[in-house]
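What follows is calculated from the coordinates using simple rules that are stated; it is not laboratory data. No experiment lies behind these values; they were computed from the predicted model shown. Heads up, the Cβs are rebuilt from the backbone with ideal geometry, glycines too, and the neighbour counts pull from every protein chain shown.
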Amino acid sequence: MDFDRMMVTLRRLALEAGDRIMEIYEADDFEVRSKSDDSPVTAADEAADALISAGLRDAFPDVALVTEEQAETHGQDVSDFFIVDPLDGTKEFVQRRGDFTVNIAWVHGGVPVRGVVYAPARKRLFWTDAEGHSVEEAGPFDPYAAGATTRIRVRQPDPAALLVVASKSHRDAATDAYIAKYPVADMRSAGSSLKFCLVATGEADLYPRLGRTMEWDTAAGHAVLAGAGGEVVRFDDHSPLRYGKPGFENPFFIAHAPGFELKPG
């Protein structure tokens, strides 16, 4: 795989999808419908998905594609594939809270090795370069020419004073009980895959998720975190979180910077 070409394409598609999402986000009103699992979907999800899917299929016609908005892609048995969440954090989008992202990742051998996470309302763009190192790009963002980038790395945690980030929309008592096992210096909430990126930049050390997620929710953020020196492990046995699972559903997981001992669940 030509990773230079891949990342140029993934970055461009994420930015173009983000522009389309923001056109709808900034409109006076937009329709919100419910999918079969009662999760919300908007015209922004569908427009971004159509743009990204067409772009990936045009650029990489022989590569498997899994995307949230196309149920027919969810029955595949694959270990090498692109995986897309065109609008992660639809609830944040609907409530106009800004913490939503465009997510595109390349999974190889069950491991997310390249990815891009774009938060258009927050004007933050994270991606892995051709070598797999994670960067944050400074705006304004030109889809056809990358701007100034800064290599990002997880911080060295202080085990006695951890920085924790948790879901803004899916926080529950079980998550709070697990977080309470650690000495926490600061606690913040964030939506969508931005939580992975906050660990990747050293703005947090620990992100536990004790709730249902799908692989398209996590793959791009996982790739960015891994490229910054972080890890994503299963909650139950702390083994690496793998991709290409049946139905593309995740178990509970923990995303973290290395350098402190994870507590058992």
Report the FRET efficiency, 1/(1 + (r/R0)^6), for residue 28 and residue 64, where r is their Cβ-Cβ distance and R0 is 35 Å, rounded to 0.05. 0.35
Show log10 I(q)/I(0) for segment 162-256 at q = 0.19 Å⁻¹, two decimals, from a solvent-free Debye sum over equal Cα scatterers. -0.84
Can you give the helix-only mean residue ellipticity at 222 nm for the chain, where every DSSP H stretch with n ≥ 4 adds -39500 (n - 2.57) and the sum goes over all residues, rounded to the nearest 500 deg cm²/dmol? -8500 deg cm²/dmol
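Calculate the FRET efficiency for residue 57 and residue 176 from the Cβ-Cβ distance with a Förster distance of 45 Å, rounded to the nearest 0.05.
Values: r = 42 Å, r/R0 = 0.94.
FRET efficiency, residue 57 to residue 176: 0.60.
Counting only DSSP beta bridges with both residues in segment 162-256, what percent are antiparallel, rounded to the nearest 5? All intermediate terms of the calculation are to be shown ahead of the outcome.
Details: 10 of 17 bridges.
Of those bridges, close to 60 percent are antiparallel.
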Where q = 0.07, 0.17 Å⁻¹, what log10 of I(q)/I(0) comes from the Debye formula for the chain, counting one point per Cα? -0.21, -1.38
In a GNM of the chain with a 10 Å cut-off on Cα contacts, which of 217, 172, 45 has the highest mean-square fluctuation? 172
Check residue 193: other-chain or 5+ apart residues with amide H under 5 Å from its amide H, H built from backbone geometry? 101
Please name which of 145, 264, 15 has its Cα lying farthest along the dipole of the chain towards the positive end, using unit charges on Cβ (Lys, Arg +1; Asp, Glu -1) and the Cα centre as origin. 264
What is the Cα centroid distance between segment 122-176 and segment 1-22, reported in whole angstrom? 17
GNM flexibility winner over the chain from 171, 20, 155 (Cα, springs under 10 Å): 171
For the chain the mean separation of alpha carbon contacts under 8 Å (6+ apart) over residue count, i.e. relative contact order in percent, is 18
Fully extended contour minus Cα-Cα distance, from residue 234 to residue 4, at 0.36 nm per residue: 79.7 nm
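Let me check I have the definition right: for segment 3-151, take the eigenvalues of the Cα gyration tensor, multiply each by 5, take square roots. What are those semi-axes in whole Å, largest first? Before the final figure, lay out each step's value.
On the way: eigenvalues 109, 84, 30 Å².
Ellipsoid half-lengths, sorted descending, are 23, 21, 12 Å.
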Which cross-chain or sequence-distant (5 or more) residues have an amide H under 5 Å from the amide H of residue 124, H modelled 1.01 Å from N in plane? 119
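List the longest stretch of the chain that has no exposed loop site; here a site is one of the GluC sites (Glu not before Pro) assigned by DSSP to anything other than H, G, I, E or B, with at most 10 other Cβ within 10 Å.
On the way: sites that count: 26, 31, 131, 261.
The answer is 132-260.
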Residue among 154, 135, 63 with the largest mean-square fluctuation in a Gaussian network model of the chain, springs linking Cα atoms under 10 Å: 63
Which of 182, 3, 252 sits farthest toward the positive end of the charge dipole of the chain, with +1 on the Cβ of Lys and Arg and -1 on the Cβ of Asp and Glu? 182
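Select from segment 106-197 those chymotrypsin sites (Phe, Trp or Tyr not before Pro) which occupy a DSSP coil region and have at most 10 other Cβ atoms within 10 Å, ordered by residue number. List each step's numbers first, then the result.
On the way: sites: 106, 118, 126, 127, 141, 144, 178, 196; in loops: 141, 144.
Filter output for segment 106-197: 144.
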